[in-house]
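Throughout, read-outs are computed from the coordinates displayed, never taken from laboratory work. Here the structure is a predicted model, which means the values were calculated and not measured. Note that each Cβ is placed from the backbone with ideal geometry, even for glycine, and that neighbours are counted across all protein chains shown.
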Amino acid sequence: MVHALEPTARHPAPLQRLARMVAVMRHEPALAIGAVLTLAFAYLIVAPVVSILLQAVVVQPGDSARLHQGEGAFTLYYLARAFASRMSGILLWGPLVHTLTIAAGTVALSVSLGVVLAWLVNRTDLVGRGWFATALVVPFMLPTWTFALAWTTIFKNGVVGGQPGWLQAMGFATPNWLAYGTLPIIVILVLHYTPLVVLIVGNALHRLDVQMEECARILGAGPRMIAFSIVLPLVRPALLSAALLIFADCIGEFAVPYILGLPVNYDTLSTGLYRALSSRQTGVAAVLAGAIMIMGVVTLMIDLRMMREARRFVTVGGKGGLQRRQSLGRLRHLAALLPAAVVLIGVALPLLTLFLSTVMILPGRFTPDNFTLDFWIGSNLHTVALRNGILLTPEFWAAAWNTVRIVGIAAAISGTLGLLVGYAVLRSPVRLIGQVLRQITFLPYLVPGIAFAAAFLSLFAVSRGPIPALYGTPFILILALVAENMPFASRSGIAAMTQLGREPEEAARVAGAGFLTRMRRIVIPIQAGPLATAILLPFISGIKGVSLFVILAVPATDVLTTYSLRLLDYNYDQAANAVVLMIALIAWLGTVLIQRICGTGLARGLES
Amino acid sequence: MPDILLQGLTKTYGKGAAPAVDGVSLTVPHGEFLCLLGPSGCGKTTILRMIAGIEHATGGTILMDGEAVDSVDQARFVPPERRRVGLVFQNYALWPHMTVARNVDFGLRLQNVSPAEREARCRDVMTKLKIADYAERYPAQLSGGQQQRVALARMLAINPDVLLLDEPLSNLDAALRLEMRAELRRIHETFGTTIIFVSHDQWEAMTLASTIAVMDRGRLQQVGSPDEIYARPANRFVAEFIGNPRINMVNLADTPARAGESVAAHLAARLPQAAGASVCGIRPEEIRLVPEVSGDALCVTVAGIMPTGGSWVIELAHGADRLFFSTQSRPKVKPGERIGCLLPDEALHLFDAEGRRLAIPGYGLCEAA
């Protein structure tokens, strides 16, 4: 017989409670994982960020004589110099204006263009919709500086030495405003980021329940009314999110202004930071890094606020399988010109330009005798160095192997860590650990790569405690890459673990599986798809990345990006462009691979 | 030797929050088929998860075969993987990347059972649960009922000491529910395992369990056989929670002066012994209709007749009061008709102001038993 007993509620003593906690937590590996990860990221992420911020208010090596203070003493000199001195116009305000102009211009143009394209591709009967949906995303897979190099190939003028641009070579003097600075940078960034708007807004349009529009139609609303009072308000959160993402990315953009601004002393905050670092003004560099970080934080706070508001719309559960498409009538052919133009300018033109530049001896001369494949596969060329074509040069293959090895290892580590972060955040019985991990892993997103690299350099260049000096080894690059990839990796890890839920793992526990068995047999196999994406996406962005390598790589750890930049510096333009094309090829192949593995992974990953 | 013993089991989520489970003490002997029954949010699933070890208690003790598997006082906690329990989740939680066969033999592989024996045991369980034909399919290719049988087979394969089921019939359609119900009873008989299941559905509880533990707001309200729970509810909550259509409750506390104007007045006049009672309940099927208004009968008007498929619920009006009467035979009365109704003494359930059952000889069913 079953019988109820009287409740016996008692309050255990503190010591007993501790013992009890230990007894329970011993079987919660998420707690230990969370604690270890928190410590690791405190060292890999928080320490560099704090150290770089500290450098802004501490006397830097070499400055003690000028400041009459000991090295390491507190000083406001760098802040004053950056914000309120005769130099501040050049150091801070000028670059700040440039940065904001570029970011604002890029956001405004790419959002307007992207929304129109997203609507055309997702909601109309445009000719070749399916093809455009894929083709429009390609510019986002290419490194930004592919476009920048293509631009200089065409528009470069006599202001800078080396081989002239095509137009210059053909006798047209390209004005400076067309060759360098604000205009080309904005055009290139718009081309690069419009696909992001198409992806995010397109996704939102896709999820939108068609019944809501139909309902408005039944009540008598016209297409314009529906667009502005139903669709736009519901897509607005996605739109704003895309805009803020692009804004934050533009502020930290380094490669494009490096190629199109630096030659003519056109500085943005990130190139200014690079210049300050290379002229050993670490204090000022720290102030600039701080400025970029603050802008990133503010943008992100706005984004978080918007997201919270957007959550009110979460009920927009789109079951409506049937997608109604706006008929464009005879315009469906004409309207295709817009996406076609974007694909032409954003993909075909730059790639073709770059490719042509690698098979032409002299720029801009389109005669048969000027074409050669020597820069790819030639040997015993009459040059000082690089006497073989790129594909026959051992340095190229060494750099390629280095890239794949370093970036690959870093991507694998960050993808795995991302999944572990997701596990710890969702499973940790101590809420605080989850929240701290969530925030820490997102921190690198706010720090421009170049500032992060600088911080890594100052932290890990010399041996500290048990960790030996890492500068000159691949380890510093791997660590920096892992840290920089954590925002994306952790977000996708958390998203994947949320989707998995607790129960499959709990069922395995009940069936008798310990932690390792559960990870090996249940969690990782189910998460194979997301894990592959979480490894491949950082791999691609790592291959395209410039800012970390520019600071942290040395000839021994040469990667494709630094190799191509060095070739560029020595005016081996054709070879440099050939290397860039190879990078673009690897990046594109990787992206195709991701999409094979998990259909919409890219769009989903970008939005989370 | 009792199999599972809960002593003052308590679970609180976060400081200051009301406990989800509040000092529950319960003994479940070996071979028992027990249902934890209660409205959603009453803590029944939390108890199930604590027995499985997926949640840990914040107060009290769980003993299995005399060994404390979770004890706040003794600072002991045995993780689920070492408890020898089987838990079938409400949504089954099958592993989507494994075939049915792999799902079922997962636990045996962990126990290092020899391949031949593993094969034989899996085959046996799958045959008994009629899923052997789907062995090579993936969970996504199965219907809800088949998925549930796989979830069940997965746990039965490891031959657990206790089988825990979370709302075992709730996700199934009507035909499948009946089939599964029979299946669970058969499993209980053939495997002889202790089964504890959670339900918010009294039909599920009544038809399956040999013992029901009714819960509300984290506390145990009554433990007993389905019959006992129904016929002798320990308190007002149990009386009102069990039974469909719901028990008629008459508030005796605010009896108006004029007798005959309300049911309460009618009862008060007839039951001087029940002076301490504040509420009186009578089940719809215990009411008797009589053709004419006699001395003991209450004069009522037929306010409505609702057929419920094989039985009928008749709404009876007496002044502002409403009583529901249910019957298995086709009613001969018509709406608007005035008739008499009897409320037999032995069918009345009396509760005091706190809702506790008042034991007064002569009132309430099974009092003599």
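Overview of values
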{"read-out": "Globularity ratio of chain A, using Cα Rg and 2.2 N^0.38 Å", "value": "1.07"}
{"read-out": "For A:His68, A:His192, order by how many other beta-carbon atoms lie within 10 Å, fewest first", "value": "A:His68, A:His192"}
{"read-out": "Dipole of chain A, positive direction: furthest Cα of A:Leu585, A:Val347, A:Val49, with charges on the beta-carbon", "value": "A:Val49"}
{"read-out": "Cα-projected label distance for B:Thr301 with A:Thr124, points at 7 Å along beta-carbon direction, nm", "value": "6.9"}
{"read-out": "A:Ser279 paired with B:Ala275, simple spin-label distance in nm, labels 7 Å along Cα-to-beta-carbon", "value": "10.3"}
{"read-out": "Where only C-alpha atoms are counted, convex hull volume of the stretch A:408-453 per residue in Å³", "value": "69"}
{"read-out": "Cα radius of gyration and Dmax for the stretch B:105-205 (Å)", "value": "13.8, 43"}
{"read-out": "Residues listed by number, the stretch A:243-287, amide nitrogen under 18 Å from A:Ala104 label point at 7 Å toward C-beta", "value": "A:243-253, A:267-270"}
{"read-out": "18 Å cut-off, amide nitrogen to a point 7 angstrom out along A:Leu67 Cα→Cβ, residues in the stretch A:264-297", "value": "A:276-291"}
{"read-out": "FRET efficiency for A:Ala84 and A:Gln439, using Cβ-Cβ distance with R0 set to 35 Å, rounded to 0.05", "value": "0.60"}
{"read-out": "Dimensions (Å) - chain B, Cα atoms, principal axes, largest first", "value": "79, 48, 37"}
{"read-out": "The stretch B:1-59 shape via C-alpha gyration tensor axes, a/c threshold 1.5", "value": "prolate"}
{"read-out": "Cα gyration tensor shape of the stretch A:42-123, rounded if a/c is under 1.5, else prolate or oblate by comparing a/b with b/c", "value": "oblate"}
{"read-out": "In Å, descending, principal axis extents of the Cα set of the stretch A:348-387", "value": "31, 19, 15"}
{"read-out": "Anisotropy class of the stretch A:473-587 from Cα gyration tensor, a/c 1.5 cut", "value": "prolate"}
{"read-out": "Range in chain B, longest, excluding exposed trypsin sites (Lys or Arg not before Pro) [loop by DSSP; at most 14 other beta-carbon atoms within 10 Å]", "value": "B:131-245"}
{"read-out": "Cβ-placed point charges (K, R +1; D, E -1), dipole of chain B about Cα centre in debye, nearest 20", "value": "680"}
{"read-out": "Where Rh is the Kirkwood radius over Cα pairs, Rg/Rh for the stretch B:1-146", "value": "1.03"}
{"read-out": "Volume per residue of the C-alpha convex hull in the stretch B:158-207, rounded to whole Å³", "value": "81"}
{"read-out": "Residue among B:Ala239, B:Ala68, B:Pro79 farthest towards the positive dipole end of chain B, charges placed on Cβ", "value": "B:Pro79"}
{"read-out": "Around A:Thr106: net Lys/Arg minus Asp/Glu count, Cβ-Cβ under 13 Å", "value": "-2"}
{"read-out": "Among A:Ala255, A:Tyr193, A:Leu79 the positive-end extreme of the charge dipole of chain A (Cβ point charges)", "value": "A:Tyr193"}
{"read-out": "Fraction of the pair-distance distribution of the stretch A:387-519 above 17 Å, Cα-Cα pairs, percent", "value": "69"}
{"read-out": "Efficiency of FRET from Cβ geometry, A:Thr473 and A:Asn176, R₀ 60 Å, rounded to 0.05", "value": "0.90"}
{"read-out": "Local electrostatic count, A:Val57, Cβ distance below 15 Å [Lys/Arg +1, Asp/Glu -1]", "value": "-1"}
{"read-out": "Amide H contacts under 5 Å for B:Phe197, placed H, 5+ residues apart", "value": "B:Leu34, B:Cys35, B:Leu36, B:Leu165"}
{"read-out": "Cβ-defined net charge surrounding B:Leu36, 15 Å radius [Lys, Arg +1; Asp, Glu -1]", "value": "-3"}
{"read-out": "Estimated inter-spin distance, A:Arg325 and B:Glu285, nm [label 7 Å along Cα→Cβ]", "value": "6.1"}
{"read-out": "Proximal aspartates and glutamates relative to B:Lys44, as straight alpha-carbon distance under 16 Å, when same-chain residues fewer than 8 apart are discounted", "value": "B:Asp22, B:Glu55, B:Asp166, B:Glu167, B:Asp201, B:Glu204, B:Asp216"}
{"read-out": "Globularity index of the stretch A:1-160, i.e. its alpha-carbon radius of gyration over 2.2 N^0.38 Å", "value": "2.00"}
{"read-out": "Of every Cα-Cα pair in the stretch B:266-369, the percent that sits beyond 19 Å", "value": "47"}
{"read-out": "Cα radius of gyration and Dmax for the stretch B:167-298 (Å)", "value": "19.5, 62"}
{"read-out": "Normalised per residue, the volume of the convex hull around the Cα set of the stretch B:185-263 (Å³)", "value": "112"}
{"read-out": "Considering only the stretch B:101-251, percent of DSSP beta bridges that pair antiparallel, nearest 5", "value": "50"}
{"read-out": "The protein assembly as shown, dipole about Cα centre (Lys/Arg Cβ +1, Asp/Glu Cβ -1), debye to the nearest 20", "value": "1660"}
{"read-out": "B:Glu136/A:Met21 FRET efficiency (R0 35 Å; Cβ-Cβ; nearest 0.05)", "value": "0.20"}
{"read-out": "Cα-only radius of gyration and Dmax that characterise the stretch A:154-292, units Å", "value": "22.1, 68"}
